[in-house]
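Beneath this line is the structure, given in structure tokens, with notes to follow.
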Amino acid sequence: LLPVACALGKRCEFLLRGRLPDRPITALWEVLESHGITISGRRENKLSVSGSLKSGIYTVPGNISSQYITGLLLALPLLKEKSEIHIIGVPQSKSYIDITLSVIRQFGIKADIQKNKIFIDGNQKYVTPKFALVEGDWSNSALWLSAAAVGGNVTVTGLSHLSLQGDKAVCDILEEFGARVIKSENRVSVSRDKLHGIEIDAAEIPDLVPALSIAAAGALGETVITNAGRLRYKESDRLHSISHTLSLLGADARVEDETLFITGNPSLNGGAVDSFNDHRIAMMAALTSVICKNNVTIDNAQSIAKSYPLFFEDFRRLGGNIKEE
């Protein structure tokens, strides 16, 4: 939203709460200021924005956050002249860039991508297509599918195998773990089997790591998740929160630099953990309970409301036992 506010040319203020002040924003801040915007106040956990954004060439790093590029893609068509986004290095989470391009094109925006450059005409207007189909969410579906791989069988419907969402990779990864995966039109079924540790590159699928950690916690042998450094800047430092949570529940988990190591066991102890106020950590802990001998108690479990308010209702529907306090 920061680039969008700048493109609209209105003085505004963003209040930063929770983990938001800790997320890296310097590169986006600098490129906006180099195109006519004045930003101040970050030390007070707020951003005051003024000025009018100018068309031109926007050079941004690709290895920090795809959200920089998403914000610019939404904003730059509103400017008077043509603009270009030059992405330096290999863009991380490129699927989110592809999704954004697809959506803005549905709303009448012209934007072309050639390798690491995106070309955007100016003076454009968003026009409603009147009808838009919102795809099923592969990221949250992955939690159920990963839990099924170690604790039963689950079918998730409403999923498109033609989706641009990078997290649809969960199917192939669970198969590599050794789970039974059946894909059919708009649905995926996963059944428990003997899982073994594997190596996973998280560069393009950072949001899948908490879900896949459920499977890793129940797999025999070591799972190694590499290129996971950006997990430190999510709602929690997920490299720490995943390893700490799984360790408390009885798995052997540790972090070295940007790599997460998990040595699992088909039967963990269970125990008391904290969600770190992170929706994906709360859901990961809840679903890891399917392989725990004792109860799992989660403090601050209400954090699931950020992305999946009905999570615990669905957990009950699938046979989970929950006591809320």
Subject >> Size of charge dipole - segment 205-297 - debye, nearest 20, with Cβ of Lys, Arg +1 and Asp, Glu -1, no other charges >> reply: 180 debye
Original post:
Could you name the aspartates and glutamates in cross-link range of residue 117, using Cα to Cα under 18 Å and dropping any fewer than eight places away on the same chain?
Top reply: 81, 84, 98
Original post:
So how do 257-268, 126-137, 107-118 stack up, highest first, on mean other-Cβ count within 10 Å?
Top reply: 257-268, 107-118, 126-137
Original post:
With +1 on each Lys and Arg Cβ and -1 on each Asp and Glu Cβ, how big is the dipole of segment 70-191 about its Cα centre, in debye rounded to the nearest 20?
Top reply: 380 debye
Original post:
Leaving out ligands, DNA and RNA but keeping every protein chain, what accessible area does residue 68 have, in Å² rounded to the nearest 10, with a 1.4 Å probe?
Top reply: 10 Å²
Subject >> Computed over segment 189-325: relative contact order in percent, which uses C-alpha pairs under 8 Å that are six or more apart >> reply: 20 percent
**OP:** Post the alpha-carbon centroid distance, segment 43-86 to segment 131-194, in whole angstrom.
**Re:** 34 Å
Original post:
Which value in deg cm²/dmol, rounded to the nearest 500, describes the helix-derived mean residue ellipticity at 222 nm for the chain, given -39,500 (n - 2.57) per DSSP H run of n ≥ 4 and division by the residue count?
Top reply: -9000 deg cm²/dmol
Original post:
When only C-alpha pairs under 8 Å and at least 6 residues apart count, what is the relative contact order of segment 90-201, in percent?
Top reply: 23 percent
Subject >> Relative contact order (percent, whole number), the chain, Cα cutoff 8 Å, 6+ residue spacing >> reply: 11 percent
Original post:
Per residue, what accessible area does the chain have, given a 1.4 Å probe and all protein chains present, in Å²?
Top reply: 50 Å²
**OP:** List every residue whose amide H lies under 5 Å from the amide H of residue 180, counting only residues 5 or more places away in sequence or on a different chain, with H placed 1.01 Å from N in the peptide plane.
**Re:** 191, 193
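The values are calculated or read from the model by the stated rules, or taken from the named source; none is laboratory data. A quick note: this is a predicted structure, and the numbers were derived from the prediction, not measured. In this analysis, Cβ positions are derived from the backbone assuming ideal geometry, glycine residues included, and neighbour counts consider all displayed protein chains. Please note that ligands, DNA and RNA were not included when accessible areas were found on the heavy atoms of the full protein model with its side chains. Shrake-Rupley method; radii C 1.70, N 1.55, O 1.52, S 1.80 Å.
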